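Accompanying notes for the structure given below.
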Amino acid sequence: MNPFLRAFPLFFTFPLTGLAADEPVTDLEPMVVTAARTPIPLRETGSSITVISAEDIARRRLFTVADVLRNVPGLDVVQAGGLGRQTSVFMRGANSNQTLVLIDGIEVNDPSTPGAAFDFANLTVDNIERIEILRGPQSTLYGSDAIGGVIHIITKQGQGKPSAGFSAEGGSYGSWKLMGTASGTHDRLRWSASASHLSSNGFSAADDRLGNGEDDGYDNTTVSARGGWRALDNLDLDAVVRFQHSKADLDSCGGPACDDPDYTQETNQVYVRGQGTLDLFDQFWRQTLRISYNHNEKKFRDKANPGDFFVDTSNWRGEKFKLDWQNTLDLADWDTLLFGITTETEWMNSNEIDTLSATINGYYGENRLKILDRFITTAGIRLDDHDQFGDKLTWRITQAVLIPETGTKLRGSYGKGFKAPSLYQLFGPSGAFGPVGNPGLKPETSIGWDVGVDQSFLGDRVYLSASYFHNDFSNLIDFQFGNGYQNLDKARTNGVETAVEVRPWDILTLRGTYTYTNTEDNEENQLLRRPRHKGSFDADIQVTEKGHLHVNVLVVGSRRFSSFAYREALDPYVLVNLAGSYQLTRYLSLYGRIDNALDMEYAEIPGYGTSRVAGYGGFRLSF
């Protein structure tokens, strides 16, 4: 198998975790599930997709999924302060609320936020098997919110003999984390679970270089569990639950004199999914029934202090229930038909807003043809019926061409996406500045396409990947003082994503990425918070048989910002991050990392703080 697919963080295969040392390891072809809602070989996808494995996450020793995503081509991560503060991800220049986020198939975008976006602030890397990032409009298979793409976090299922582990780490800013894990299989049962607590005294959410001296702390408790039962030879049952409770100290603003000693946000998030898969007629017809539930609750607490601009004591709750019946027909070795029906209802309320709700029913189908094991074509269509604005039709086609004689893959995709207005945008009550909600809103839409090539050289020791993308967004929803939310804007994004891997020796792997993103609004201005230029460099070094070193360099170009207090372009910055591990015994490993090793002063959002040089270390016991 191409080592690029096995080692490069953009195209990881499924790691074979949980195997005993004396069990044989089979070099399986890498598979992905997000591109087609069913497992298919990665090499056969015509979509632009990135896969990050548990192995890569472990090598970098990071706390949060947001930090893992910072190096992915086409993604931009923006955080308003340290751990636990608002964290947004922009994909190929699309708005942060135009990316659908899934955890084991559960839609976790928060219906209670104004744009129904997902906040990555509290999502830790606990119990994660891999992350699949699918770029471009994906509404054909995933409906609303997937107008820019999909980020799918997939947790561990449990493999091999029963095992357990315990880890402890600590470091800068008074930070520490404890975590326990357990996984395995027995007869027809499989399980995987983890529980952790992360705590940090933190640094000032408002930039301390502007005179803000109060540290803002953070606590996070996460429990993740997944279990499965092969009830019959042709019936498999699977269940997932993830619970996250966090509390973050906030500041009243970003800028000078923004310290607020009493302002906190407490968050509870619960994600649950049950699934049954039935194979009929010798696996000719596979039916999957999924039921999922998403619960997000936020409590803001503050006390009036001299100089406060406002006092926030609000409660917000968002929920989503979804039922999905999916069918896969293997009509021939070269022809697969997928179709299904979904229905989802979402709710939101707050201490100032009565319960609001909306329902969407969806009907989708996609046909996948594989000719001569070289030409793989998919074509799909979907109809969504929203109880507020009516029907919306979307479609998508992809093409992959494999040339094994030269180690070449050509790929491309073209599709239409849509995003339904959020509950707050539709029904938000009028306030001091006039109307807010607008029941007459139309959905946001996009037309997007990309083309790309993946090429290996020198016996797979060199691998290159390049893509060009283009997206046109219409009917973008924006708030207009005096009129509330309106379909006002259009936008265009295009750019290039590149990646390279070089393995000069078996103990050394070098990787680099570069993304150029051009964005334009109605007036041909660059969209806010998106850098035109972004790149990364990674080096994996097997220093000794038991010791490993990882070097990461992240380069982010200038970005435009505009707010009540700031209208400026932020300076570019370079971050150097180091991580290492050493297997002391069969059961005990030591690890550590240094963030911002060059002690760079930088900002992701004007007026908000970022970490200076920081070090962390810990150990893991495996049983």
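Worth pointing out:
- Looking across segment 41-56 at every residue that is in a strand (DSSP E or B) and not polar (S, T, N, Q), the one that is surrounded by the fewest Cβ atoms within 10 Å (Cβ to Cβ) is identified as 41.
- Scope segment 57-75; condition surrounded by fewer than 24 Cβ atoms within 10 Å (Cβ to Cβ) and not β-branched (Val, Ile, Thr); matching residues: 58, 59, 60, 61, 62, 63, 66, 67, 69, 70, 75
- Of all the criteria given as (1) more than 20 Å from residue 273 (Cβ to Cβ); (2) modelled with pLDDT of 95 or more; (3) of a type outside the set (A, V, I, L, M, F, W, C), the one not satisfied by residue 130 is (1).
- Hits in segment 343-397 (condition: touching a residue at least 12 places away in the same chain (Cβ under 8 Å), in a loop (DSSP other than H, G, I, E, B) and of a type outside the set (A, V, I, L, M)): 351, 352, 373, 374, 387, 388, 389
- For segment 576-622, filtering for residues that are farther than 27 Å from residue 544 by Cβ and aliphatic (A, V, I, L, M) leaves 3.
- Taken as a whole, the structure leaves residue 246 outside the set of residues that are outside any strand (DSSP E or B), of a type in the set (S, T, N, Q) and closer than 28 Å to residue 600 by Cβ.
- Being surrounded by 15 or more Cβ atoms within 10 Å (Cβ to Cβ) and touching a residue at least 60 places away in the same chain (Cβ under 8 Å) is a property that residue 557 lacks.
- Qualifying residues in segment 572-593 (those that are out of contact with any Lys or Arg (no Cβ under 9 Å at 6 or more places or on another chain) and of a type in the set (A, V, I, L, M, F, W, C)) - the one surrounded by the most Cβ atoms within 10 Å (Cβ to Cβ): 576
- Criterion: touching a helix residue (DSSP H, G or I) at 6+ places or on another chain (Cβ under 6 Å) and within 30 Å of residue 116 (Cβ to Cβ) - qualifying residue of 192, 246, 252: 246
- Restricting attention to segment 406-449 and to residues that are in a strand (DSSP E or B), surrounded by fewer than 19 Cβ atoms within 10 Å (Cβ to Cβ) and of a type outside the set (Phe, Trp, Tyr), the residue that is modelled with the lowest pLDDT turns out to be 431.
The values are calculated or read from the model by the stated rules, or taken from the named source; none is laboratory data. What you see is a predicted model, and the numbers here were worked out from it, not measured in a lab. Here the Cβ is made from the backbone with ideal geometry for all residues, glycine too, and neighbour counts use every protein chain on show.
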